[in-house]
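Have a look at the structure below before the remarks.
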Amino acid sequence: MGKLLLLNGPNLNRLGKREPDIYGDETLKDVEEKAKQLAASYDWELEAKQSNHEGELIDWIHQADQGYNGIIFNPGAYTHTSIALRDAIASIAVPVLEVHISNIHQRESFRHQSMLAPVCSGQIVGFGTKGYQLAIISFVQT
Ligand code: CA2
């Protein structure tokens, strides 16, 4: 049995409230509940957190170096800008799997680049909120 951290970045607390054509109609609470249930069905624990603040996300990444087997991270728009988050991920031993609800490669060109992907163990994009579940499965089935 292991333990996962599900981290969501800026604006993902707005899920289910606007832009359902891009992000679906589930709320963040729905996503987090489903994730906990899926992890529990494999006897894994999952803790879920969301922040709109880069520094808070960095602190949580540092803290997760103790006691977690993996981090599932949707960094929101910080994906495309944050060298600080990239350095935080590079500074820990726990693998981080990057998840995006939408297919960032089909969208505006400024979303095509991820600052974080080179230091993540993998990237799941374009599967809607199911991407979080695919990420959980990739950790629990290894
Ligand atoms: O596709 C993703 O998961 C993104 O990480 C979502 C970010 C976006 O900046 C990235 O390029 C791709 C935006 C999250 C905002 O979520 C909203 C949800 C509902 C309504 C409005 C925004």
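Within the range 79-96, the presence of at least one residue that is farther than 21 Å from Leu28 by Cβ, charged (D, E, K, R) and in contact with a helix residue (DSSP H, G or I) (Cβ under 7 Å, 6 or more places away or on another chain) is confirmed. Report yes if some residue within the range 2-10 is over 19 Å from Phe127 (Cα atoms) and within 13 Å of the ligand (Cβ to nearest atom); otherwise report no. Within the range 2-10, one or more residues are over 19 Å from Phe127 (Cα atoms) and within 13 Å of the ligand (Cβ to nearest atom).
Yes/no matrix, rows are residues, columns are (1) within 22 Å of Leu15 (Cα to Cα); (2) away from the ligand (no atom under 12 Å from the Cβ):
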position	(1), (2)
Ala35	yes, yes
Ala90	no, yes
Glu98	yes, no
Ser114	yes, no
Val119	no, yes
Val125	yes, no
Leu134	yes, yes
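Inside the range 95-142, residues that are open to solvent by less than 50 Å² (accessible area, probe 1.4 Å) and touching a residue at least 60 places away in the same chain (Cβ under 8 Å) make up a count of 9. A single member of Asp25, Asp43 is more than 16 Å from the chain's Cα centre (by Cα), surrounded by fewer than 17 Cβ atoms within 10 Å (Cβ to Cβ) and modelled with pLDDT of 95 or more, and it is Asp43.
Just wondering, is there one or more residues in the range 57-74 that are within 11 Å of the ligand (Cβ to nearest atom) and at pLDDT 95 or above? Within the range 57-74, one or more residues are within 11 Å of the ligand (Cβ to nearest atom) and at pLDDT 95 or above.
Looking at Ala77, Ala90, just one residue is under 17 Å from Ser51 (Cβ atoms) and surrounded by fewer than 15 Cβ atoms within 10 Å (Cβ to Cβ), and that residue is Ala77.
The values are calculated or read from the model by the stated rules, or taken from the named source; none is laboratory data. In this text the structure is predicted, and so the values were computed from the model without any measurement. We place every Cβ from the backbone using ideal geometry, glycine too, and count neighbours over all the protein chains shown. Ligands, DNA and RNA are excluded from the accessible area calculation, which covers all protein heavy atoms including side chains. Shrake-Rupley method; radii C 1.70, N 1.55, O 1.52, S 1.80 Å.
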